[in-house]
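> Below is a structure I'd like to ask you about.
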There are 2 protein chains.
Amino acid sequence: MAREQIQRRVEEWAKAIRDKDLEAVMSLYAPEIVSFDLDPPLRYAGTVEKRRAWREFFAAHAVVAAYELHELDVTVSGDLAVVHSLNHAQGTLAGGKVSDLWVRWTACFRQSAGSWRIVHDHVSVPAEVAQGRAALNLHP
Amino acid sequence: MAREQIQRRVEEWAKAIRDKDLEAVMSLYAPEIVSFDLDPPLRYAGTVEKRRAWREFFAAHAVVAAYELHELDVTVSGDLAVVHSLNHAQGTLAGGKVSDLWVRWTACFRQSAGSWRIVHDHVSVPAEVAQGRAALNLHP
């Protein structure tokens with residue numbers, strides 16, 4: 001079943017993040033991905049920027065203690081699937097500071113040659129627009 | 001064609017935002033929507049919170065001069081569709097201040113009883129995590 005296949009793929013992907021395994025993390029993305037990522041810019045296309053973003057995340061973290069997908073929802077129709085969840089990242093930064101962050105994650109998958117990969121993703125925290133602040137301390 | 005139908009629906013929706021027409025804006029959302037919205041909280045379900053969010057947006061704006069969908073991408077498979085775009089909102093706040101904001105928008109549509117409605121959306125600006133800032137001044 002496509003649903004179970006995708007669910008397994010994203011759980012493996014979360015494990016790859018905890019393991020700081022860049023190649024395994026990158027294997028989930030299609031070459032043509034369009035990303036609205038946590039950090040600027042607004043939008044980018046292709047895996048070069050995605051690889052840079054994950055490389056920076058892994059470099060910033062001495063240890064990724066946890067990366068867990070909560071309230072995971074998977075919807076499939078034919079060769080298209082939409083996944084969303086609240087992702088909880090915990091770890092120790094390179095400088096020794098503890099980091100603990102919940103992000104919202106939406107990912108659009110396409111099946112091609114029997115394999116499901118992400119063609120669009122959106123990762124964010126809410127914004128407190130009037131104050132110009134990113135809401136980094138929220139949890140469900 | 002579903003693709004053209006959805007494209008027309010979202011263009012009408014953008015016009016409804018410019019017109020500050022709350023009911024027309026709300027008509028795009030399914031009752032069971034799960035939203036990762038621009039403002040806190042992280043996640044909410046149902047149209048009550050969505051209605052509150054739009055009501056606050058319209059109350060904050062004396063005039064919505066523009067609401068435009070750029071780099072619009074629509075993918076359809078059966079009864080599921082994914083739309084993403086960079087949405088440009090311009091206006092005058094109730095206090096007289098000019099507002100100009102680009103947000104990233106991802107929306108997941110389902111077709112039910114012949115009508116396409118949003119069952120999941122994700123609206124955000126990027127975050128400058130280390131500085132705790134929301135990136136409110138970006139443009140494509």
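Every number in this text was worked out from the coordinates using simple rules, so none of it is lab data. Since the model is a prediction, treat every value here as computed from it, not as a measurement. So basically every Cβ, Gly included, is an ideal-geometry build from the backbone, and we count neighbours across all protein chains shown.
> Near the amide H of A:Leu38, under 5 Å away, which other amide H atoms are found, from residues 5 or more places off or on another chain, if H is placed in the peptide plane?
Placed amide hydrogens put A:Val123 under 5 Å from A:Leu38.
> Next question, about the same structure. Please determine, in degrees from 0 to 90 and to the nearest 10, the orientation of helix A:2-18 with respect to the longest principal axis defined by the Cα atoms of chain A, where the helix direction is its Cα long axis.
The answer is roughly 30 degrees.
> With a cut-off of 8 Å between alpha carbons and a minimum separation of six or more residues, what is the relative contact order of the stretch A:13-70 in percent?
39 percent
> For chain A, find the longest principal axis of its Cα atoms and tell me its angle to the long axis of helix A:47-60, 0 to 90°, nearest 10.
Between the helix axis and the principal axis of chain A, the angle is about 40 degrees.
> Let me ask something else about it. Quick one: compute the contact order of the stretch B:2-134, relative version, from alpha carbon pairs under 8 angstrom and 6+ residues apart, as a percent.
23 percent.
> Inter-copy label distances at B:Arg3, 7 Å along the Cα→beta-carbon direction, one decimal in nm, shortest first?
Label point to label point, same position, other copies: 2.8 nm.
> Note the distances from A:Ala66 to each other copy's matching label point, with points 7 Å along the Cα-to-beta-carbon direction, in nm, sorted shortest first.
List, nearest first: 4.4 nm.
> Still on this model: Based on the alpha-carbon gyration tensor of the stretch A:2-125, what equivalent-ellipsoid semi-axes (square roots of 5 times the eigenvalues) come out, in whole Å, largest first?
Here the semi-axes work out to 24, 16, 13 Å.
> Compute the signed sum of charges (Lys and Arg +1, Asp and Glu -1) over the other residues within less than 12 Å, Cβ to Cβ, of B:Ala53.
Result for the neighbourhood of B:Ala53: -1.
> Since chains B and A are linked by a rotation, which residue in B has the beta carbon closest to its axis, and how far is it in Å?
Reported as residue, whole Å: B:Ser124, 2.
> Here is a further query. State the Kirkwood hydrodynamic radius of the protein assembly as shown in Å, one decimal place, computed from all pairs of distinct Cα atoms.
19.3 Å
> Sum -39500 (n - 2.57) across every DSSP H segment of at least 4 residues in the protein assembly as shown, then divide by the residue count to get the 222 nm mean residue ellipticity, nearest 500.
Calculated mean residue ellipticity at 222 nm is -8000 deg cm²/dmol.
> Which net charge results when you count Lys and Arg as +1 and Asp and Glu as -1 among the other residues whose beta-carbon is under 14 Å from that of A:Gln5?
Surrounding charge for A:Gln5 is +1.
> Here's something else I'd like to know. Once the other residues with Cβ under 12 Å from the Cβ of A:Val63 are scored (Lys, Arg +1; Asp, Glu -1), what is the net sum?
+2
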